[in-house]
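Reviewing the structure listed below.
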Amino acid sequence: MEFFNNLMVGFSVIFQPLNLFFCFLGVFIGTLIGVLPGIGPVGTMAILLPITYGIPPTTAIILLAGIYYGAQYGGSTTSILVNIPGEAASVITCLDGYQMALQGRAGPALGIAAFGSFIAGTFSVIALQAIAPPLVRVALSFGPPEYFSLMVLGLVILTYLAQKSMAKALMMAGVGLLLGTVGLDTMTGQPRFAFDIPELLDGIGLVPLVMGLFGISEVFLNVEKVVQREVIAAKITRLLPSLQDWAESKWAIARGSVIGFFLGVIPGGGAVLGSLVSYAIEKRVSKNPEKFGKGAIEGVAAPESANNSAAGGAFIPLLTLGIPANVVMAILIGALMIHGITPGPMLLKEHPDLFWGVIASMYVGNAMLLVLNLPLIGLWVQLLRVPYSILFPLILFFCLVGSYAVNNSIIDVALMLLFGLIGYLMRKFEYEPAPLVLAFVLSPIMEQALRQSLILSGGSFGIFLNRPISLGCLLMAIFLLVLSFISFLKVRIKEKED
Amino acid sequence: MKLKKEVTKMIFLVIGVFLISCPAFVFSQTFPDKPITIYCGYAAGATTDLTARALAAGAEKLLGVPVVVENKPGGGATVAAALVASKKPDGYTLGVVSTGVIAVRPHLLKVGYDPLKDFTLINQYARYIGGLCVLSESPLKTIDQFIAYAKAHPGLSYASPGMYTQQHLAVELFRQCKGLEFKHVPTKGGAEANTQLLGKHINFVAGAGQHIQYLKQGVFRLLMVFNTDKRDPKYPDVPTLQELGCQDAPALGYIVVGPKGLPEPVAKKLEDTFKKVTESEEFQKLLANLEIPYDYKSRAQLEKDVLRDYELYKTFLEKMGAKKQG
């Protein structure tokens with residue numbers, strides 16, 4: 001009963017015209033910036049922060065939250081259409097999404113991403129409302145050792161993403177881990193691999209890395225093959241997923257929603273891990289895993305559901321503990337603190353209208369997003385008809401502007417171009433960029449967790465085995481490694497017999 | 001209804017500020033006549049960023065030109081500091097940074113500026129604070145009990161907002177002074193440090209400001225305040241580190257700086273403007289909401305104090321064996 005009472009409180013807040021308007025404004029802006037590569041939710045929310053001084057705090061959070069989950073919808077669009085992930089959590093979507101676009105199935109890919117996002121978003125709001133308090137306790141029990149073991153599991157799952165060679169994927173993951181160590185060492189405050197460039201003290205930015213490896217290298221690659229374009233454009237048949245598409249992706253969406261939500265609750269890397277794990281699981285349970293990487297609709301549905309669900313999950317540590325799971329959440333905390341509201345365990349008691357109002361706004365906002373995004377699909381697909389000679393200079397332009405805009409740094413632009421070149425060579429030699437990027441994202445969290453754990457244990461590695469959650473993650477990782485090794489042996493033996 | 005009241009209040013405020021600032025227009029024949037950029041040394045949403053944006057919004061009304069905040073995070077605000085130092089000293093490029101970029105970081109890192117020569121200091125408007133906290137369910141109620149417990153249990157672990165932060169240094173000075181042994185877990189910031197205590201992965205936390213929300217909610221217990229020579233009026237029973245007979249690491253401050261060689265009238269005008277903004281009711285309310293102590297220092301005072309802190313931190317860091325890299 002309480003569930004519905006709370007919901008009534010929330011809906012009475014969101015259906016005030018002012019809040020409804022700002023909710024729409026938020027998701028609308030979010031959709032736009034999600035689609036434009038480089039202009040992310042962080043920059044937009046920071047610019048809009050002073051505007052929120054003058055509006056009530058609940059309205060402010062509804063607006064900012066709308067931008068955030070709105071951008072999650074949009075993030076997949078560029079992944080699918082031009083193979084540039086809008087954010088780290090959409091890296092995996094490139095694998096099958098872009099392949100679908102090449103096969104003329106951009107419409108169904110975008111459609112399933114939008115529907116999956118809607119279903120997962122709604123699921124995560126319901127889950128957020130129902131089980132936020134107990135989940136907080138679980139999230140808190142994740143100390144440094146648990147984080148480390150979870151990241152180990154994440155990296156092992158990375159090896160499942162290998163399209164071609166697992167050894168190459170592991171190598172790329174290793175490079176990603178190394179790139180993640182650039183910058184000030186948080187444990188000792190010493191600069192590492194910074195080469196006296198002050199901008200590198202904070203590490204290599206994710207945006208220049210992703211834009212370079214995916215976007216710029218894509219431009220380079222496509223300059224080589226101009227003719228294919230017309231063929232693709234001619235093949236576009238339908239805009240929405242067919243019944244068969246639905247049948248193929250319904251379980252992917254369901255599994256992605258659940259996985260994404262639970263991983264989203266854990267501060268740091270939640271959405272990235274969620275998209276990663278759900279993709280790997282789909283590939284595992286699929287009857288024909290060889291389809292993955294060649295345009296399997298499940299490969300779009302699962303990670304896109306998972307990252308939206310994780311966006312909902314990330315609100316749990318924010319609203320209940322005042323802990324930001326990522327930079328976006330830190331800005332939301334800032335917006336609350338400007339109004340003298342401290343997010344944390346007491347928020348629910350002291351400001352129930354804010355808490356439930358924001359949650360109700362997410363139901364409404366998700367519905368708005370679906371209505372907003374479906375008609376846009378037709379427009380996006382038209383974008384594929386734009387000739388290369390116009391589209392690629394445009395991509396290059398957006399990448400240059402986008403990489404500069406994040407930190408207003410010319411070093412970032414140079415880095416992006418460098419990674420563009422590296423990405424081009426990698427693709428030529430069939431090394432995949434996805435494991436590199438994902439390992440890069442996990443690397444700092446993993447390193448810090450490892451070193452913090454060892455400080456706590458006085459140098460003993462036993463700390464990873466003594467704690468049940470940590471041990472569980474490690475055992476799972478070993479199990480997966482053994483499993484993949486066995487299947488590798490089987491293939492080898494079969495090859496020999498043939 | 002509430003919103004309408006807010007809007008009316010805002011309109012009155014804007015008109016009020018406008019009226020007050022009218023004489024300022026008469027005085028300023030030339031400066032400023034184009035937009036001013038403030039580089040903020042921290043990411044969007046950080047408390048320093050929130051104050052910088054409020055500062056810019058206030059100055060914009062007083063100066064009559066746009067004042068834009070650009071985030072240049074990195075290297076403990078040294079990236080933004082180096083950038084400001086490299087700009088033309090005309091008052092159109094300023095920075096909001098921590099005094100740490102002058103007093104602390106140059107002892108640890110090779111920075112792209114001369115900390116004592118490359119800046120025109122304008123003023124300080126707030127400072128960073130620290131407090132030693134345990135979970136409120138802990139049986140330790142006072143710092144004396146804590147010291148006794150720590151003596152009996154060497155190797156208690158604590159998290160700080162980072163290596164060589166003022167909070168880490170204060171606890172380190174406390175440890176040496178009382179002959180204790182701690183395990184230090186550096187984190188990426190106050191929020192992460194607090195979370196580790198909430199999850200009981202460590203024994204206590206060297207809070208950097210965000211710990212106050214947990215004090216208010218009764219989740220943490222404050223045993224000692226540091227980076228300060230005064231007790232916190234909200235917790236009058238909690239002693240300062242200095243009262244325990246130990247040396248304390250001086251508090252770092254939020255400051256506004258420009259490149260060296262700013263013309264005197266411009267520097268004066270900026271100092272007066274920012275002073276007026278920080279004294280405004282609106283800005284004071286923001287600081288109170290953010291739980292940041294207001295600590296105004298004029299240009300002259302700041303120049304003196306920063307030099308002192310520079311020498312103090314130099315000695316502390318040398319004693320701790322921190323080596324400069326690069």
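We did not get these values from a lab; they are worked out from the coordinates using the rules stated. Values in this document were obtained by computation on a predicted structure and should not be read as measured data. Here the Cβ is made from the backbone with ideal geometry for all residues, glycine too, and neighbour counts use every protein chain on show.
In chain A, the DSSP-assigned H stretches of four residues or longer account for a calculated mean residue ellipticity at 222 nm of -24500 deg cm²/dmol, using -39500 (n - 2.57) per stretch and the full residue count as denominator. For the residues of A:395-403, the average number of beta carbons from a partner chain within 10 Å of their own beta carbon is 0. Estimated from helices alone, the mean residue ellipticity of chain B at 222 nm is -14000 deg cm²/dmol (sum of -39500 (n - 2.57) over DSSP H runs with n ≥ 4, per residue). When only alpha carbons are used to place a centre, segment A:419-498 and segment A:90-122 end up 26 Å from one another.
What the pair-distance distribution of segment B:261-326 shows, using all Cα-Cα distances binned every 10 Å from zero, is 16, 30, 29, 22, 3 percent. Mean partner shielding of peptide B:162-169, defined as the number of other chain Cβ atoms within 10 Å of each residue Cβ, is 2. Straight-line cross-link reach from residue B:34 at under 20 Å between alpha-carbon atoms covers these aspartates and glutamates, not counting any fewer than eight positions away in the same chain: B:60, B:70, B:90, B:264, B:271, B:272. Taking a span of 27 Å or more along the helix axis (Cα atoms) and a mean Kyte-Doolittle hydropathy of at least 0.0 as the rule, the DSSP H helices of chain B that qualify are B:2-27. For the residue pairs B:200/B:285; B:276/B:319; B:188/B:285; A:168/A:291; B:216/B:319; A:287/A:494, the C-alpha atoms sit more than 30 angstrom apart in B:200/B:285; B:276/B:319; B:216/B:319. Overall form of the protein assembly as shown: prolate. Here a/c, set by the Cα gyration tensor axes a ≥ b ≥ c, is 1.5 or more, and a/b is the larger of a/b and b/c.
Length gained on full extension, residue A:137 to residue A:171, computed as 0.36 nm times the residue gap minus the Cα-Cα distance: 8.6 nm.
Of all beta bridges that DSSP places with both ends in the protein assembly as shown, some 60 percent have antiparallel geometry.
Name all residues of segment B:208-243 having a backbone nitrogen under 12 Å from the label point set 7 Å from the Cα of residue B:135 along its Cα→Cβ direction, giving them as ranges. Only B:219-221 pass the distance filter. Have a look at B:67, A:440, A:417 and report the one farthest towards the positive end of the charge dipole of the protein assembly as shown, computed about the Cα centre with Cβ charges (Lys/Arg +1, Asp/Glu -1). My answer, from the dipole projection, is A:440. Cβ-Cβ distance of residue B:65 and residue A:379, R₀ of 35 Å, FRET efficiency by 1/(1 + (r/R0)^6): the value works out to about 0.30.
Please name whichever of A:339, A:201, A:5 sits farthest to the positive end of the charge dipole of chain A, dipole taken about the Cα centre and charges placed at Cβ: Lys and Arg +1, Asp and Glu -1. Value: A:5. Shape descriptor for segment B:42-198: Rg over Rh equals 1.06 (Cα atoms; Rh from the Kirkwood inverse mean 1/r). Packing, taken as the mean count of other beta carbons within 10 Å per residue, orders the peptides A:147-153, A:90-96 from highest to lowest as A:90-96, A:147-153.
Please work out, to two decimal places, the log10 of the ratio I(q)/I(0) at q = 0.11, 0.15 Å⁻¹ from a Debye calculation in which every Cα of chain B carries one identical scatterer. Log10 I(q)/I(0), no solvent term: -0.73, -1.20.
Computed over chain B with a Gaussian network model linking Cα atoms closer than 10 Å, the most mobile of B:248, B:49, B:232 is B:232.
Between residue A:483 and residue A:495, residue separation times 0.36 nm minus the direct Cα-Cα distance comes to 2.5 nm.
Suppose a student asked you for the relative contact order of chain A, using Cα pairs under 8 Å spaced at least 6 residues apart; what percent would you report? Contact order relative to length: 29 percent. With a ≥ b ≥ c the root eigenvalues of the C-alpha gyration tensor of segment A:399-484, is it rounded (a/c under 1.5), prolate (a/b larger than b/c) or oblate? Taking the square roots of the gyration eigenvalues as a ≥ b ≥ c, segment A:399-484 is oblate. Between the beta carbons of residue A:240 and residue A:188, assuming R0 = 56 Å, the FRET efficiency works out to 0.55 to the nearest 0.05. Averaged over the residues of A:190-201, the number of partner chain Cβ atoms lying within 10 Å of the residue Cβ comes to 5. Ordered by the count of other Cβ atoms within 10 Å of each Cβ, fewest first, A:3, B:146 give A:3, B:146. Quick one: grab the alpha carbon gyration tensor of segment B:130-244, order the square roots of its eigenvalues as a ≥ b ≥ c, and give me rounded if a/c is under 1.5, else prolate or oblate depending on whether a/b is larger than b/c. The shape class here is rounded. Amide H contacts under 5 Å for residue B:71: B:40, restricted to partners 5 or more places along the chain or on a different chain, H placed in the peptide plane at 1.01 Å from N.
Taking Cα pairs under 8 Å and at least six residues apart, what relative contact order does chain B come out at, in percent? Taking the mean separation of contacting Cα pairs over the length of chain B, I get 24 percent.
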